[in-house]
1. Taking the 0 to 90 degree range and rounding to the nearest ten, how far is the long axis of helix 2-14 tilted relative to the main principal axis of the chain, both from C-alpha atoms?
2. Hull surface divided by four, with the convex hull built on the Cα atoms of the range 380-449: how many nm²?
3. Can you run the Rg to Rh ratio on the range 125-232? Use alpha carbon positions and the Kirkwood inverse-distance Rh.
4. So for the pair Leu409, Ala289, with labels modelled 7 Å out along Cα→Cβ, what separation do we get in nm?
5. With charges set only on the Cβ (+1 for Lys and Arg, -1 for Asp and Glu), what does the dipole of the chain come to about its Cα centre, in debye to the nearest 20?
6. Hey, what does the equivalent ellipsoid look like for the range 256-311, semi-axes from the Cα gyration tensor as sqrt of 5 times each eigenvalue, largest first, whole Å?
7. So, R0 is 41 Å and r is the distance between the beta-carbons of Ala427 and Asn323; what FRET efficiency does that work out to, to 0.05?
8. So if each residue of separation counts as 0.36 nm, and I subtract the Cα-Cα distance between Arg74 and Asp387, what length gain in nm does that give?
Amino acid sequence: MKKITFLMVCLLSVLGLSAASYDHLYVIGDATSAGWNTNSNLEMTNLGDGKFTWTGELLDHGDNSRRFKFIVSRSWYPCLTTTAAAHETVTPGVKVALLDKHEEVQPDAAFIVDKTGTYKIDIDLNEMTMLLTETTQELPDVAEFGQVYLAGSAFTDKVAMEKVSDGVYTWSGVIEEADPMVGFYFVNGDETMSFNPANTGSIKSGSYSMVYSADGVGTTEFQIPATSTYTITVNVAEMKMEVLKIDYEHLYIVGSALTARPGSWLTEDGVEMEKIESGKFTWSGQLYAQTTDGSGTEFKFLNQLLPGVWENDFVFDATQSANQPIEIGGSYTISYRGSGHDNKFTVPEDGNYKLTVDLHAMTLTVEEGTSSAVSEVLATAPVVVADGATIRVLANGLDLDGVMVFDLLGNCVASTGAVSDYAFDMAQSGVYVVRVACGNQVYSHKVIVK
């Protein structure tokens, strides 16, 4: 009997059915508001002891194509999905087994539901099971709820939102991050009713489900992870919130068109654009049409520069389904990507280009760049090298405004103000991203400390 039990444990382990251990789980798929975009994944609430929960809308499978599964980070693997060879229909109230999948193996099956609705998903990593429960909530009366206000620790007093139509309200403004983390929820005028998050966690651009409290105000908050401009739209009748998070103070250009290097892009290769005014940025420099292996190049824009994080990116019109070549004198629509198409801009020929991005008008304009200025920048740049456990920054004749060193999680682990040459003695080995500010330029270097 012991031998049989041991063999069963081994078999389950090989199949990926043994207990998994993860700190984060995210719902993803075109049956959800996230689509198949790992940057828009929907974080589940970690209840502890290997248990996670999430409540939100799932769409019916349609032509058997809309489906969902679970990932543990912004990468596709590991993921938790069906143990079946084809898409598995989940019946509410019936537990289904989960497969802990660590690499791409066909078939790429996932879960589907027969009926569009609001569901509660409970996952138990100890049992490697998922339980789906169809939920029903008391729906608010739009007229009774009336004017919607923002409230919570992110605001000193409640703030009235602007009415767009019956039951739909919006607000846009800067919300400052804080420690401990602050947040918000929605209340009516006399603060007897509220909308609170259906799932805990910090917000980013995307769609969120809410829970309605008709007999008192709930205090669970949508949490603010970073200072930014947030456009928040709430629909009372549908109990949904849409968020667009844009930083109007920083923008970076990134892509193979800047480096001509083949292979995967690196966020740390992004170059900060010069801010003309809030929400408007410019950059002038050399763009390449082909990589060194002869492939075509591309570029897009990022709102933040964190290693490996591709959230808050701006692309060519995400309603289209193809890349867009640029030309001198051209003007193009840009989009916050969200779950839309990841359309990049392409470069028809090598040259010096001046790019201007307006995040208010959501446009990119292209002009001819100044070759002399570009040559000067390329000829003189700070040098960053790793010498054992020391990171050395050499000014190369420039006046440096500051240096920041980041680990691969995006944490600033060392910094200094205006300097010439400088050295950082690092306590730990690893890969670091060094950002050197010099006038209107920010140079990013990746180094390995041994």
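Each value in this text was obtained by applying a stated rule to the coordinates, not by laboratory testing. Predicted model only: the values in this text are computed from it and were never measured. Note: ideal-geometry Cβ built from the backbone for every residue, glycine included; neighbour counts use all protein chains shown.
1. So the inclination is approximately 50 degrees.
2. Seen from a random direction, the Cα hull of the range 380-449 projects 4.1 nm² on average.
3. Value, to two decimals: 1.00.
4. Modelled inter-label distance: 4.6 nm.
5. I would put it at about 1160 debye.
6. Semi-axes (√(5λ), whole Å): 22, 15, 7.
7. Given R0 = 41 Å and the Cβ-Cβ separation, E is 0.40.
8. Computed gain between Arg74 and Asp387 is 109.5 nm.
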